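Trainee: Starting off with a structure, shown below.
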Amino acid sequence: MSDELDRRDFVRIAAIGAAAAATGAAQDGDGGGTGAATTPAYTPRFFTPQEYALADELTEVIIPTDAESPGAKAAHCAAYIDYRLAESEDPVPRDGWRAGLKMVDALSQKLNGATFLQATPQQRIAVVAAMAANEESPKTPEEKFFEDLKHRAVNAYYTSKIGIHQDQQYKGNVYLEEFVGWDANDGQWHMQIKKP
Amino acid sequence: MAIDQQGLPEPDLTKTYDAIVVGSGAAGGMAAHVLTSHGLQVLLLEAGRKQPIERELKSMQWPYDHPRRGEMPPDYHALGYNEYTIRQPPYATADSQYKKVTSYIQNWNGADYSKDIVVNEKEHPYTGTKYAWVRARLLGGKTAIWGRLSLRLSDYDFKAASRDGYGEDWPISYADIAPYYDKVDLYLGISGHRENLPWLPDSIFQRPVRLNRSEVLLRESLAKMGRTLTPYRAGVATDGVKHNKYRSRCFGRGACDRHVGGCDIHAAFDSPTGLIYPANDTGHLSIRTNATVREVLVDTNTGKARGVSFIDSEDMTEHEVRGRAVLLAASTLESARLMLLSKSSLYPNGIGNSSGHVGHNFCEHIMGPGVTGFVKDLVGKGHTLDDGRPAGFYVARFRNLKERNPKFIRGYGFEGDGGMKMFPTTAYSTHGFGIEYKKKVRDYAGAMIGMGGFGEMLARYENYVDLDPEVKDRWGIPVLRFHIQFGDNEHAMAADMGATAKEMFEEAGIEVVHSDHELLTPGWSIHELGTARMGNDPKKSVVNQYQQSHDVKNLFVVDGSTHVSAANQNPTWTIMALCWRSCDYLADQLRKGEL
């Protein structure tokens, strides 16, 4: 029975992975169009379209699609970050993001001779790696921006449908007839999930 | 004028009640339950509103179905760790740029659901030394969001002074309160497993929460060290309580940690569904919400309490109401404040304060030291359902029981849990990015385990609250001024807590990734106690063993303020057991005409 479940889950994930890949391909064929094309339904409120496209790709470098689950782009992390920055009354993160995204492009120009969006996947990783070099104690403005960039990407991803259900395969938040685990009364493991 | 009581009938304020209860949390709810069960006419006064928390908590809403993933709107501000450590109170004033400023607990995930339960610090300032004061003004008080750990005290606590020579013994022993712990267990429901520890007596338990793999590993390892990790003793009716139509049994939905506590199916105890609504059904209870009590009124001929005065929290109108007995159950700090506010020619230092001890001997639990780690064998072992339950585990006290620690007296316990949660524990702390980062977060999600200590802070006369001579709250009532600091015993205990937490993990083969040794700001445990302590000597205590004022025999203080020492156990179950015992006594005395 659990085999059946695993297989079904695998099929579902594979299908989504394929869809994500297809979207990526379409975008590549877009002739360098804006990355925002991947989430056409969302119009950014804080970011400019260019900033939004950059944030979308940046978050994907931090949490990419892999064999297990789609990444930050599919989970619309940049859209959530935009929503929170748009309504924020605190100038610190808002100014931080505007300046931070500019720094990313400048850093990409320096390292790759191309903007972040023009850069190849490997070049993009090199840019983020440079920003993440000192995660323990960030010092440069780029390293400091990486802190908030990653924090918000991580927050958005693991609270998203994709993060919770596909990546983490979270099984809770359901009604249970009995608790799952080791029972101190009988000293036995009860691992079957029984719903009422 | 008519008041909005959310469906509760408006009480008659012209009649004389048998008893007036101030506050509707664990203590006030219990007083209402016990006194009405004796057939007494009771008026329950609550400063906040009756809130439909079953609608507000939305315990099963997924983060992605909430516009801010459970976080509060941008014009709400939760005080942060740094604000309490750097700044002095008041932490917010009326002219704050934010619409509402709340205590630190609203920094937790899912705070949006409880943002109307906690008070607005702008309206409720306080002054003095640093203190993280968490308050909830609504019908039910803090039981709407409490952490639910429900433990008994033992004679190791009640007679601690006799054992180690510090402080005062309680005027009761375990045998006096044990039958009342039983009553609370059976009436409200408690989950746990019997361990037969003399220093942490067992309750009459409903089915325990089950432990996950890292927790069982730790339990087995601790057993070899002679220490006990037991399934969390939760004030949760895991099997239900058949005599109560307002509550459900627990369905292990696992959202218990997400929304600053709170259970929208009321499997976890809360005062309204557990105590107040059933009391209301007896026909003997009247409830007045939005009633900010300002003073206990005194009959100058008899010296007894004749009732209370209150301000309507919303329309600011003033009212008086009469009662044959007055019970303060407004919380440790608010009950002390009320006694200090109730000054008269007969009681110039505040009612019931001839000893000068009201506000003093203020104690609580120290918090901060703890440990996080992972079990190597569980890394990358797939996804299990580990948090479909009210909570994880509790490690019972092991210090100063059979041996005497050379550095400090009294003890501490740990609360913790392990395993997979909805939001992966290591998502923020894992370094790096990309495919490797993502895999690491996935692999470690089910392998993590952590615990934090709760230790006894000694009751000392020098730690106290009094009234600020100048600052007033939104209702024009003088606010509390804090004078509280941790002492040498607390610091020595904290150092030991941090060290033993780490040792116990290492002994179990758990890789420690993080350990804390610093104490959090006083107040953090939300276990403030001791400002109107019990005792046999009227010169050194405020109330007797029945929580009856030594000075004013129809005045009772039935909340945590009466605890003689903090012990290291979470206090709610003891507050309710003591209150039950005192209300039985009160009803008997009232019947005999002794009050």
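The values are calculated or read from the model by the stated rules, or taken from the named source; none is laboratory data. Just so it is clear, the model here is predicted, and its values are computed rather than measured. All Cβ positions, even for glycine, are placed from backbone atoms using ideal geometry, and neighbour counts span all protein chains on display.
Trainee: Kindly establish whether residue B:97 is surrounded by fewer than 21 Cβ atoms within 10 Å (Cβ to Cβ) and in contact with a strand residue (DSSP E or B) (Cβ under 8 Å, 6 or more places away or on another chain).
Mentor: The answer is no for residue B:97.
Trainee: Out of region B:159-183, which residues are without any contact (Cβ under 8 Å) to a residue 24 or more places away in the chain and outside any helix (DSSP H, G or I)?
Mentor: Correct list: B:159, B:165, B:173.
Trainee: Let me ask another. Of everything in region A:177-195 that's at the interface with chain B (Cβ under 7 Å from one of its Cβ atoms) and of a type outside the set (Gly, Ala, Ser), which residue is farthest from residue B:392 (Cα to Cα)?
Mentor: Among residues in region A:177-195 that are at the interface with chain B (Cβ under 7 Å from one of its Cβ atoms) and of a type outside the set (Gly, Ala, Ser), the one farthest from residue B:392 (Cα to Cα) is A:193.
Trainee: With the requirement that a residue be part of a helix (DSSP H, G or I) and charged (D, E, K, R), what does region B:500-514 give you?
Mentor: The answer is B:502, B:503, B:506, B:507.
Yes/no per residue for (1) within 14 Å of chain A (Cβ to nearest Cβ); (2) part of a loop (DSSP other than H, G, I, E, B); (3) over 30 Å from residue B:583 (Cβ atoms); (4) over 20 Å from the mean Cα position of the chain (by Cα):
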residue: B:185; (1), (2), (3), (4): no, no, no, no
residue: B:194; (1), (2), (3), (4): yes, yes, no, yes
residue: B:214; (1), (2), (3), (4): yes, no, yes, yes
residue: B:218; (1), (2), (3), (4): yes, no, yes, yes
residue: B:226; (1), (2), (3), (4): no, yes, yes, yes
residue: B:239; (1), (2), (3), (4): yes, yes, no, yes
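Trainee: Working carefully through the options B:436, B:511, find the one that is more than 23 Å from residue B:561 (Cα to Cα), assigned by TED's automatic domain parsing to the domain that holds residue B:256, free of Cβ contacts under 8 Å to residues at least 12 places away in the same chain and not aliphatic (A, V, I, L, M).
Mentor: The conditions single out B:436.
Trainee: Taking strands (runs of 3 or more DSSP E) that fall entirely within region B:344-428, which contain at least 1 residues that are over 25 Å from the mean Cα position of the chain (by Cα)?
Mentor: In region B:344-428, B:365-374 are the strands (runs of 3 or more DSSP E) which contain 1 or more residues that are over 25 Å from the mean Cα position of the chain (by Cα).
Trainee: So how many residues does region B:4-48 have that are assigned to a loop (DSSP other than H, G, I, E, B) and surrounded by fewer than 16 Cβ atoms within 10 Å (Cβ to Cβ)?
Mentor: Matching residues across region B:4-48 total 9.
Trainee: Check whether at least one residue in region B:567-580 is free of Cβ contacts under 8 Å to residues at least 12 places away in the same chain and not aliphatic (A, V, I, L, M), and report yes or no.
Mentor: No: region B:567-580 contains no residue that is free of Cβ contacts under 8 Å to residues at least 12 places away in the same chain and not aliphatic (A, V, I, L, M).
Trainee: If you don't mind, another one. So, residue B:517, is that one within 30 Å of residue B:425 (Cα to Cα) and either crowded, with 17+ Cβ neighbours inside 10 Å or at pLDDT below 95 (or both) or not? Show your work before the answer.
Mentor: On the way: within 30 Å of residue B:425 (Cα to Cα): yes; either crowded, with 17+ Cβ neighbours inside 10 Å or at pLDDT below 95 (or both): yes.
So residue B:517 fits the description; yes.
Trainee: Further question: Would it be correct to say that residue B:105 is closer than 23 Å to residue B:465 by Cα, surrounded by fewer than 19 Cβ atoms within 10 Å (Cβ to Cβ) and away from chain A (no Cβ under 14 Å)?
Mentor: Answer is no for this residue.
Trainee: Sort out which residues of region B:429-448 are among the β-branched types (Val, Ile, Thr) and either away from chain A (no Cβ under 13 Å) or in a helix (DSSP H, G or I) (or both), and write them in order of number.
Mentor: Residues satisfying the conditions are B:435, B:441.
Trainee: Quick test of your reading of the structure: residue B:418 fulfils all but one of (1) without any contact (Cβ under 8 Å) to a residue 60 or more places away in the chain; (2) in contact with a Gly (Cβ under 7 Å, 6 or more places away or on another chain). Name the failing condition by number.
Mentor: (1)
Trainee: For residue B:318, only one of the following conditions fails: (1) crowded, with 20+ Cβ neighbours inside 10 Å; (2) without any contact (Cβ under 8 Å) to a residue 40 or more places away in the chain; (3) more than 30 Å from residue B:63 (Cα to Cα). What is its number?
Mentor: All conditions pass for residue B:318, except number (1).
Trainee: Follow-up question, since we're still on this one. When you go through (1) over 14 Å from residue B:573 (Cα atoms); (2) out of contact with any helix residue (DSSP H, G or I) (no Cβ under 6 Å at 6 or more places or on another chain) one by one for residue B:173, which number turns out not to apply?
Mentor: Of the numbered conditions (1) over 14 Å from residue B:573 (Cα atoms); (2) out of contact with any helix residue (DSSP H, G or I) (no Cβ under 6 Å at 6 or more places or on another chain), the odd one out for residue B:173 is (2).
Trainee: Does region B:303-341 hold any residues that are within 21 Å of residue B:546 (Cα to Cα) and either of a type in the set (Ser, Thr, Tyr) or assigned to a loop (DSSP other than H, G, I, E, B) (or both), and which are they?
Mentor: Residues satisfying the conditions are B:303, B:304, B:329, B:330, B:331, B:332, B:335.
Trainee: Which condition does residue B:392 not pass, out of (1) within 13 Å of chain A (Cβ to nearest Cβ); (2) out of contact with any strand residue (DSSP E or B) (no Cβ under 6 Å at 6 or more places or on another chain), if it passes all the others?
Mentor: Of everything listed in (1) within 13 Å of chain A (Cβ to nearest Cβ); (2) out of contact with any strand residue (DSSP E or B) (no Cβ under 6 Å at 6 or more places or on another chain), residue B:392 misses just condition (2).
Trainee: Can you tell me which residue among B:207, B:194, B:152, B:213 is within 29 Å of residue B:463 (Cα to Cα) and charged (D, E, K, R)? Write out each step before concluding.
Mentor: Working: B:207 fails: within 29 Å of residue B:463 (Cα to Cα); B:194 fails: within 29 Å of residue B:463 (Cα to Cα); B:213 fails: within 29 Å of residue B:463 (Cα to Cα).
Result: B:152 is the single residue among B:207, B:194, B:152, B:213 that is within 29 Å of residue B:463 (Cα to Cα) and charged (D, E, K, R).
Trainee: If you scan region A:101-145, which residues turn out to be among the small types (Gly, Ala, Ser) and either within 14 Å of chain B (Cβ to nearest Cβ) or in contact (Cβ under 8 Å) with a residue 60 or more places away in the chain (or both)?
Mentor: Once the filter is applied, which keeps residues that are among the small types (Gly, Ala, Ser) and either within 14 Å of chain B (Cβ to nearest Cβ) or in contact (Cβ under 8 Å) with a residue 60 or more places away in the chain (or both), region A:101-145 yields A:126, A:129, A:130, A:132, A:133, A:137.
Trainee: Another question, then. Is region A:148-156 home to any residue that is modelled with pLDDT under 95 and at the interface with chain B (Cβ under 8 Å from one of its Cβ atoms)?
Mentor: First, pick out the residues of region A:148-156 that are modelled with pLDDT under 95: none.
Scanning region A:148-156 turns up no residue that is modelled with pLDDT under 95 and at the interface with chain B (Cβ under 8 Å from one of its Cβ atoms).
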